[in-house]
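Engineer: The structure's right below; bear with me while I get my questions together.
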Amino acid sequence: MRIILLGEFAGGAPQLPVRLTHLRVEKRLCPELDQLPAPLTGHDLLITELAWLNRLGPDARDALRAHARAAAYWIALTDAGEGFAEQVAWQRAGVSHLFRKPLHREQLAPLVQRLYDLLDGPPLRVLLLDGTHGARSRHAATLESAGMVVRVVREPAHLLDAIVEFAADLLLVDAEPHGCSAAELIVFVRQQPSLAELPIIVLGAAVTVTERLATLPIATDYLPDSLAPALL
């Protein structure tokens, strides 16, 4: 697990709470954008200052947005009086938390503890039903980079056996599986008593009200196929 401090921090970089130094946390200071480790993963927590972000040029902003969204959390530290519009713009760019300076350990500790708990336990096992001949392989790569174990199944007919054999913790389902609808497939899975509570997320090229209504009563969520990797 890494806490990455990116940029030139006015008044010095935030201090890592002492008790967190025992949780296998690596603290890395990167004054310049080109020093940011690549790639970031779901085990990284990125901290920047909003004022530093606002000084970046358009190309640097685009590069940072593409890179930082892979981190588990992206914190931007703000000063009193900084513009609301800038804060909203960076939230849209992928910043997950906006904290007023100075950063308090009570704000940072729960996020680090959450990442530590994920690292300390067994990796989540995700089964991906992808009938698009690999078109959704990027989702598998995103989840694997976050430390999860992913298996891909092509045919719905093999899904039930794969769930049991793989001991899946989460099922990602194509919105239009071969030979049936997503809703029909989920009902089939839910009819198995041992799988009645299995989290199931439907991935669709477009999310319409009709599609959501058809699956939400039985699925955990319905997400657009084009969503940002960090959101997945």
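None of the figures in this text is laboratory data; all of them are computed from the coordinates on show. Please read all numbers here as calculations on a predicted model, not as lab measurements. FYI the Cβ positions are ideal-geometry reconstructions off the backbone, even for glycines, and counts take in every protein chain you see.
Engineer: List the residues, sorted by chain then number, that are 5 or more residues from GLY7 or on another chain and whose placed amide H is less than 5 Å from its amide H.
Structural biologist: CYS30, GLU32
Engineer: Right, here's the next one. Apply the Karplus curve 6.51 cos²θ - 1.76 cosθ + 1.60, θ = phi - 60°, to the phi angles in the range 176-193 and return the couplings in whole Hz, x for Gly and Pro.
Structural biologist: After applying 6.51 cos²θ - 1.76 cosθ + 1.60, I find 10, x, 5, x, 6, 8, 4, 4, 5, 5, 5, 4, 4, 5, 5, 6, 7, x Hz.
Engineer: Something else about it: Can you sort GLU165, GLU49 by how many other beta carbons sit within 10 Å, fewest first?
Structural biologist: Numbers: GLU165 11, GLU49 24.
Listed from fewest to most nearby Cβ atoms, that is GLU165, GLU49.
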